[in-house]
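> Take a look at this one; I'll ask things after.
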Amino acid sequence: MTASQQPYIVAFTGHRNYNRCHDTLILDAVERLVDRGARTFRVGMAEGFDLAAASVVLTLREKVDDIKLELFIPWSGFSRSFSAPNSRLYNDILSRADRVVYVAECYSEGVFYERNRRLVDGAYRVVAWWNGSASGTGYTVRYARSLGIAVENLFDNQQLRLML
């Protein structure tokens, strides 16, 4: 990061069916963003892309110690239905995060939308794994764009590139 660059926030959003075979794309994006001044990374902690992005940030933090990981979790019992491997990963990430925000005390209608808005609010850029579907990820991408926040979609689809 050069002296003229100000540290900024990056938020991640993506699908739960992300299968981790593209983690190098996340790593490449995070490394590039760190080189350009990103220092805080926000994740919503859902299974799939969120856990993968948090893992990548924590791995990179072993080399770049001034980056931060912030977790925006819908409610404290959110991970109870996770698979055993994802539950272990969730707890490891939770123990190593720099900041943890619980959006609500328990589940309520709209809590995911609130979590997604809080993730994006104040961010400079959003990195997504979005397949174009009407989903929570799609909502988050649209919300970021409505605020004028740049969205980088790692899901490779020519038609989506035209839409963004």
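Throughout, read-outs are computed from the coordinates displayed, never taken from laboratory work. Small disclaimer: the values here were computed from a predicted structure and weren't measured. Neighbour counts run over all protein chains shown; Cβ positions are idealised from the backbone, glycine included.
> Tell me the net charge near Arg118. Cut-off is 11 Å between Cβ atoms, Arg118 excluded, with +1 for each Lys or Arg and -1 for each Asp or Glu.
Combined, the nearby Lys, Arg, Asp and Glu give 0.
> For the chain, what relative contact order do you get, as a whole percent, if you take Cα pairs closer than 8 Å and at least 6 residues apart?
Relative contact order for the chain comes out at 25 percent.
> Follow-up. Hull surface divided by four, with the convex hull built on the Cα atoms of the chain: how many nm²? Spell out each step's value before the answer.
Details: hull surface 38.3 nm².
The orientation-averaged projected area of the Cα hull of the chain comes to 9.6 nm².
> Roughly how many Å is it from the Cα centre of the stretch 55-84 to that of the stretch 101-144, as a whole number?
Going from one Cα centre to the other spans 16 Å.
> Can you give me the three principal axis dimensions of the stretch 2-91 from its C-alpha atoms, in Å, biggest first?
45, 27, 21
> What spacing in nm lies between the two simple spin-label points modelled at Leu94 and Cys106, each 7 Å away from Cα in the Cβ direction?
The answer from the label model is 1.8 nm.
> Counting only helical runs of four or more DSSP H residues, what would the 222 nm mean residue ellipticity of the chain come to if each run contributes -39,500 (n - 2.57) and the total is spread over all its residues?
Values: 6 runs with 66 residues, N = 164.
About -12000 deg cm²/dmol.
> Taking the chain as a Gaussian network, where each spring joins two C-alpha atoms under 10 Å apart, which residue of Asn116, Asn131, Asn91 fluctuates the most?
Asn91
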